[in-house]
Amino acid sequence: MLALPRGGVPVGFEAARALHAALDVCLVRKLGMPGQEELAIGAIASGGVCLLNHEMIRALHIPPRQVEAVTQSETRELERREYLYRGNRPALDVHGRTLILVDDGMATGYTMRVAVTALRQKEPLEMIVAVPVASSAACRELAKVADGVVCLSAPPDFYAVGQWYRDFSQISDAEVCNLLDRAKLPAGPSPL
């Protein structure tokens, strides 16, 4: 089980405990449009994988220097989180294994797509994307690159992941680290 931090870690934690699976993170970062960061113009993943939405970048007239600045800034944040969440511990070896890649939801699916692209390089046996909620368009797009997509709800009136949660508060780095540490312990009742 690989979770996209930060929001995917609580979902991945519960799923990993239920399935008695190992849990690790798959570090990705959305590349947000300058001045409107929630709008993805691309995404990056550990290992130097970068996917850009060239069509959107052209349509919004975003200069290459701005795309590069956003990419560099998000790369620094990706590296910071990788060290914080893993320390010196290596990433889970996924070669020849079935992976379940989890997030709290997918709006465009761009960060999940970059995660799948990055993980394909490590030659897993099979890769399943699993989310509680997503846009139907994101599910269709991910079905093209993943071996399977499991989505509990793809409502026709989907606008944002947060609209489908009672509490969509930001998950802190400390909470991510706590859940990753707890995932190493034998399964028991979860207080979440």
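Residues considered: Thr111, Thr98, Thr71. Largest GNM mean-square fluctuation over the chain, using C-alpha springs under 10 Å, is found at Thr98. Computed extension length for Glu79-Lys144: 20.5 nm, one decimal, from 0.36 nm per residue of separation with the Cα-Cα distance subtracted. For the chain, the dipole from Cβ point charges (+1 on Lys and Arg, -1 on Asp and Glu) about the Cα centre works out to 260 debye, to the nearest 20. For Leu31, the residues whose modelled amide H falls within less than 5 Å of its own, excluding neighbours fewer than 5 places apart on the same chain, are Ile41, Gly42, Ala43, Ile44.
Amide H contacts of Val150 (H built 1.01 Å from N, in plane; Pro and chain starts excluded): Val129, Ala130, Val131 sit under 5 Å, all sequence-distant by 5 or more or on other chains. Annotation: the antiparallel percentage among DSSP beta bridges lying fully within the chain is about 40.
Among Phe158, Phe168, a tally of other beta-carbon atoms within 10 Å of each Cβ gives an order, fewest to most, of Phe168, Phe158. Angle of helix 173-183 to the longest C-alpha principal axis of the chain, folded into 0 to 90 degrees and rounded to 10: 40°. Electrostatic tally near His95: other residues with Cβ closer than 10 Å to its Cβ, Lys and Arg +1, Asp and Glu -1, net 0.
The calculated 222 nm mean residue ellipticity attributable to helices in the chain amounts to -11500 deg cm²/dmol, summing -39500 (n - 2.57) over DSSP H runs of n ≥ 4 and dividing by all residues.
Helix 110-120 versus the longest principal axis of the chain: what is the Cα-based angle in degrees, 0 to 90, to the nearest 10? The angle comes out at about 60 degrees.
Around Pro10, under 14 Å between beta carbons, what's the net of Lys plus Arg minus Asp minus Glu among the other residues?
On the way: positive: Arg6, Arg17, Arg166, Arg182; negative: Glu14, Asp103, Asp104, Asp167, Asp173, Glu175, Asp181.
Charge balance near Pro10 sits at -3.
How long is the gain from Asp93 to His54 if the chain were fully straight, where each residue apart is worth 0.36 nm and the alpha carbon distance is subtracted? Don't skip to the end; give the middle numbers.
Details: separation 39, 0.36 × 39 = 14.04 nm, distance 3.20 nm.
That works out to 10.8 nm of additional length.
Which of Arg97, Arg113, Arg65 ends up with the largest GNM mean-square fluctuation for the chain, with Cα atoms connected below 10 Å? Result: Arg65 has the largest fluctuation of those listed. If one takes the longest principal axis of the Cα atoms in the chain, at what angle in degrees, from 0 to 90 and to the nearest 10, does the Cα axis of helix 64-86 lie? So the helix axis and the longest Cα principal axis differ by about 10 degrees. When the inverse distances between all different Cα atoms of the range 2-183 are averaged and flipped, the Kirkwood radius reads 16.7 angstrom.
When the chain is treated as a Gaussian network with alpha carbon springs shorter than 10 Å, the biggest mean-square fluctuation among Asp157, Asp181, Asp147 belongs to Asp157. Work out the FRET efficiency for Lys122 and Ala174 from their Cβ-Cβ distance, taking R0 = 25 Å, and round it to the nearest 0.05. Approximately 0.30, to the nearest 0.05.
With Kirkwood's inverse mean 1/r over C-alpha pairs for Rh, give me the Rg to Rh ratio of the range 1-54, two decimals please.
1.11
Could you point to the residue in Val49, Ala146, Leu39 farthest towards the positive end of the range 2-183's charge dipole, with +1 and -1 charges on the Cβ of Lys/Arg and Asp/Glu respectively? About the Cα centre, the residue reaching furthest to the positive side is Val49. Across the chain, the relative contact order, built from alpha-carbon pairs under 8 Å that are at least six residues apart, equals 25 percent.
Computed from the coordinates by the stated procedures, all read-outs in this text should not be read as laboratory data. All values derive from a computational prediction rather than experimental measurement. Here Cβ is always computed from backbone atoms with ideal geometry, including for glycine, and neighbour counts include all displayed protein chains.
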